[in-house]
Amino acid sequence: MAFSKNVWDQLKNLTADELIAALERDGYGKDPASKGATISYIKKTGETKRIVIHYHPRKTYGPKLLKGLLSDLEWGVDDLKRLKLIR
């Protein structure tokens, strides 16, 4: 998924807490079996979607990991705006 420079400039400071809040706004729920720094989130819409977040408080994600997460989530620019991750 290719994002413009403007979008990446806004996403590069995205913290784990902000990403988790966006997941919850999008209908994902925390998997109760998750433990430690890797937290699974599940969304049940027809088929079950699962995403694993490596949680480190107040830390931002590197560009490769963030690109992979957004690709797995299949979020586009419109979704990022709807979830208030970008303007």
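A short reminder: the numbers here are calculations on the coordinates, not readings from a lab. Nothing here was measured: the structure is a model prediction, and the numbers come from that model. Virtual Cβ from ideal backbone geometry, glycine too; neighbours counted across all protein chains shown.
Annotations for the structure displayed:
- In the range 69-81, residue surrounded by the fewest Cβ atoms within 10 Å (Cβ to Cβ) [restricted to those that are over 10 Å from the mean Cα position of the chain (by Cα) and closer than 19 Å to Asn13 by Cβ]: Lys81
- The single condition among (1) buried (at least 16 other Cβ atoms within 10 Å of the Cβ); (2) under 17 Å from Leu83 (Cβ atoms) that Glu18 does not satisfy is (1).
- The residue that is nearest to Ser40 (Cα to Cα), counting only those in the range 53-68 that are touching a residue at least 12 places away in the same chain (Cβ under 8 Å) and surrounded by 13 or more Cβ atoms within 10 Å (Cβ to Cβ), is Ile53.
This table checks each residue for (1) in contact with a Phe, Trp or Tyr (Cβ under 6 Å, 6 or more places away or on another chain); (2) small (Gly, Ala, Ser); (3) within 17 Å of Asn6 (Cα to Cα).
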residue: Gly27; (1), (2), (3): no, yes, no
residue: Ile39; (1), (2), (3): yes, no, no
residue: Arg50; (1), (2), (3): no, no, no
residue: Arg58; (1), (2), (3): no, no, no
residue: Leu70; (1), (2), (3): no, no, yes
residue: Asp78; (1), (2), (3): no, no, yes
residue: Ile86; (1), (2), (3): no, no, yes
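- Only a single item in (1) of a type in the set (D, E, K, R); (2) more than 12 Å from the chain's Cα centre (by Cα); (3) farther than 12 Å from Leu23 by Cβ; (4) surrounded by 11 or more Cβ atoms within 10 Å (Cβ to Cβ) is not met by Lys49, and it is number (3).
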